[in-house]
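The values are calculated or read from the model by the stated rules, or taken from the named source; none is laboratory data. Owing to the predicted nature of the structure, the values given are computational and were not obtained by experimental measurement. Heads up, the Cβs are rebuilt from the backbone with ideal geometry, glycines too, and the neighbour counts pull from every protein chain shown.
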Amino acid sequence: MTEPETAYRQAICCEYEAWLRDERGLASASISALLWEARNFLRWQFERGGAASLDTLSIGEVDLYMDMRAPGLRRKSLADVAERLRSVVRYLHRTRRIPMDLTPHIIGPMLYAYEDVPSTLDRRQIAAVLAATKKDGSPRGLRDFAVLQLLATYGLREGEICRLRLEDVNWRGEALRIRHTKTNAYSYLPLLAPVGEALLDYLRNGRPQVEGREIFIRSCAPYIAMTNLYGMIRGRLSAAGVEPPGKRGAHVFRHARAVEMLRASVPQKIIGDVLGHRSTESTNAYLKLATDDLRAVALDVPGSEVLP
């Protein structure tokens, strides 16, 4: 790829990023994913035919790109690639860089509603993880226990915990301010006693003395804000002897919280508000985790009585 082509590709991506942010108002995580696909697709296309190849871009070439991306991806991941690519191609057509709107022809694999049941934890497993972590009185143990309390109590996303700041805790008003990573909206949750006590213990006895305002800091140098929780959660689950099937990240606690609220007959709208969902469709995904409850409900079928 020549320098002018590299500069042209970068210019397209910068404009695309601004459009996603300013026109569509997407969250940073969504913009990053879409922008990665744009950079990757344009690099692939320019290396094959140069910048001028956009003028004659065909669905056959788009199919070749999808074929290149497909190996090693699950159907859900490939469907996500198709969705991101549609956004990129739509923008290229919108800005008249490609002559035809090819988006109707970019088709990902068919996905069925609720086809994959995500991993989750039951109350006994959550209690075991919390109890095992509480025994660790080290600074790292105090931090991990506070994080796990937030996960188990509110079902927060990983990013929402990592970005939690000191000013987000209203000690006098007993409230937590949460900025939801997918929507950038704020919600306020009651600061329940177990969570408040765990946070206070960590802030007093475990958190390194740093200038950063984020609450949760790495326990070893460099002392910066935590950026992910996967390794910590995996280690704490293993230490407690808890082995959920499938993934073992922060979402197993989020799923467990959603199921608990569903089983307590909490309205879906309220569940969505607590979890920071934009629509009820996002909340509906958790219904599949409560299928055991449905199996326990026996319905009388009219006309099914055994006649003498």
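Observations, loosely collected:
- Selection count, the range 45-96, where residues are closer than 21 Å to Gln10 by Cβ, assigned to a helix (DSSP H, G or I) and in contact (Cβ under 8 Å) with a residue 24 or more places away in the chain: 13
- Answer residue from the range 214-230, given it is aliphatic (A, V, I, L, M) and surrounded by fewer than 16 Cβ atoms within 10 Å (Cβ to Cβ) and is modelled with the lowest pLDDT among those: Ala221
- Yes/no for Ala70 being out of contact with any Pro (no Cβ under 6 Å at 6 or more places or on another chain) and in the same structural domain as Leu200 (by TED's automatic domain parsing): no
- When the range 124-145 is limited to residues that are part of a helix (DSSP H, G or I) and without any contact (Cβ under 8 Å) to a residue 60 or more places away in the chain, the one that is nearest to Leu229 (Cα to Cα) turns out to be Phe145.
- Residue count, the range 5-39 (criterion: over 28 Å from the mean Cα position of the chain (by Cα) and either at pLDDT 90 or above or of a type in the set (A, V, I, L, M) (or both)): 5
- Flag for Leu42 being modelled with pLDDT of 90 or more, closer than 21 Å to Glu15 by Cβ, under 30 Å from the mean Cα position of the chain (by Cα) and not acidic (Asp, Glu): yes
- The residues on offer are Glu83, Glu47, and the sole one that is closer than 29 Å to Ala185 by Cα, modelled with pLDDT of 90 or more and not assigned by TED's automatic domain parsing to the domain that holds Arg179 is Glu83.
- So Ala240, is it small (Gly, Ala, Ser), assigned by TED's automatic domain parsing to the domain that holds Ala132, buried (at least 17 other Cβ atoms within 10 Å of the Cβ) and over 23 Å from the mean Cα position of the chain (by Cα): yes
- Residues that are over 21 Å from the mean Cα position of the chain (by Cα) and among the hydrophobic types (A, V, I, L, M, F, W, C), drawn from the range 45-83: Phe46, Ala51, Ala52, Leu54, Leu57, Ile59, Val62, Leu64, Met66, Met68, Ala70
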